Every structure is written in structure tokens, then in C-alpha cells.
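Inspection log for the structure reproduced underneath, given as C-alpha cells.
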Amino acid sequence: MRYYNTYKDEVSEEEVAKIAARHAAEGMDSYSGYGVGAALVVAHGDNQFTVYAGFNVNLSGMQTKIHAEQMALMDFVADWPHYVADDQNVELRMMMVNTTEDDGALRCGHCLQVATAVCNHFGFSREDFLYGSVIEEEDRFKTEMYPLDYLMPEPHTEVRRDQ
Ligand SMILES: [Zn+2]
């Protein structure tokens, strides 16, 4: 299991925001020092909520970047066989993103596309999956969340010749 933590009954938006901010501080970018943190909330089983977290990795020589949101999503995907083995109902509830600049900018198109593909592949609702950014202002968190299908209403769809 690669998750950050599991909560019984509920996990508050503030707790999710704190996890995203904590991981933004761990972000690694050799060039800019810019940190991005993501916290993904997965609802499953008997009212349990498991949080996956990720941060950006852009090391000199990598040629491509690993985005915080995708690290969190892929850690969830890596755990998927455990959910299947336990025969648990699973839904993606929330993705919260924070940056070390607290610019609130990030709803990255590439990550939205990856999240959409994960929802479509596993049959998760995109309407009930809230996605957005959080800004830390003094001692409080300001969140701006939207349903994934609102942010990515017309995702790229792969069409192969044999289909
Ligand atoms: Zn991204």
C-alpha cells in the first residue's frame, strides 16, 4: 500500500489541504525550485476515505516531468488490485493541488486528461470528483473546487483503427 492515510467516516477539506501543502514543500524541481503538492481522496468500502499524495519531480536530465497529481493518481492505481481483492466499492472524491508559490493556478490540462482517463477506465464518476486548487492564506486554506467533468468537458478520446 502506497497511500498517505486512511480515515473512518470523513476527512475534512482542511485536512486534505494540509496534506497537499505539506507535499508541495517536498516538490523537486532542479530548475525553478517550484513545488507542487497534490492530495487525492478515494472513498471506499464501509465509509472509509484514503488519501494519496504526490509532489512534482523535475530533475536535471529527466527530459520529462512527473506531476504531483499524476504521482498521487498512479499510487492509487498501484493499489487498485488490493481494492479489487477486498471487493470494495471505490469512488474518486477529490483532488486538491497546492503550490509553494500559493498562486492557485494549477488545473493542469495534462493531469485533467490523466484523471479523466483513470475515471473512464475504472468507471468512476467525473461529476462527483471535485478537482481544484488550495491557497494557504495566513492560518487558513482557501479552496476552489469544480467537478472534473466541468473542467474537462470534452476530453481527448483515443480511437484506434481496429475499433
Ligand atoms: Zn499536471
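The values are calculated or read from the model by the stated rules, or taken from the named source; none is laboratory data. If you're wondering where the values come from, they're calculated on a predicted model, not measured in any experiment. Note that each Cβ is placed from the backbone with ideal geometry, even for glycine, and that neighbours are counted across all protein chains shown.
Before moving on, here are some points about what is shown:
- Residue among Ala68, Ala43 that is buried (at least 16 other Cβ atoms within 10 Å of the Cβ), modelled with pLDDT of 95 or more and farther than 19 Å from Val114 by Cβ: Ala43
- When the stretch 48-104 is filtered for residues that are farther than 18 Å from Ser125 by Cα, away from the ligand (no atom under 16 Å from the Cβ) and in contact (Cβ under 8 Å) with a residue 24 or more places away in the chain, the ones remaining, listed by number, are Leu59, Ser60, Ala78, Asp79, His82, Asp86, Asp102.
- Taking the criterion of being surrounded by 14 or more Cβ atoms within 10 Å (Cβ to Cβ) and outside any loop (DSSP other than H, G, I, E, B), the residues of the stretch 121-145 that qualify are Phe122, Leu130, Tyr131, Gly132, Ser133, Val134, Ile135, Glu136, Phe141, Thr143, Met145.
- On the stretch given as the stretch 107-128, residues that are away from the ligand (no atom under 16 Å from the Cβ) and within 16 Å of Met96 (Cβ to Cβ) total 1.
- The stretch 1-27: number of residues that are part of a strand (DSSP E or B) and loosely packed, with under 15 Cβ neighbours inside 10 Å: 3
- Boolean, Ala78 is of a type in the set (Gly, Ala, Ser) and at pLDDT 95 or above: yes
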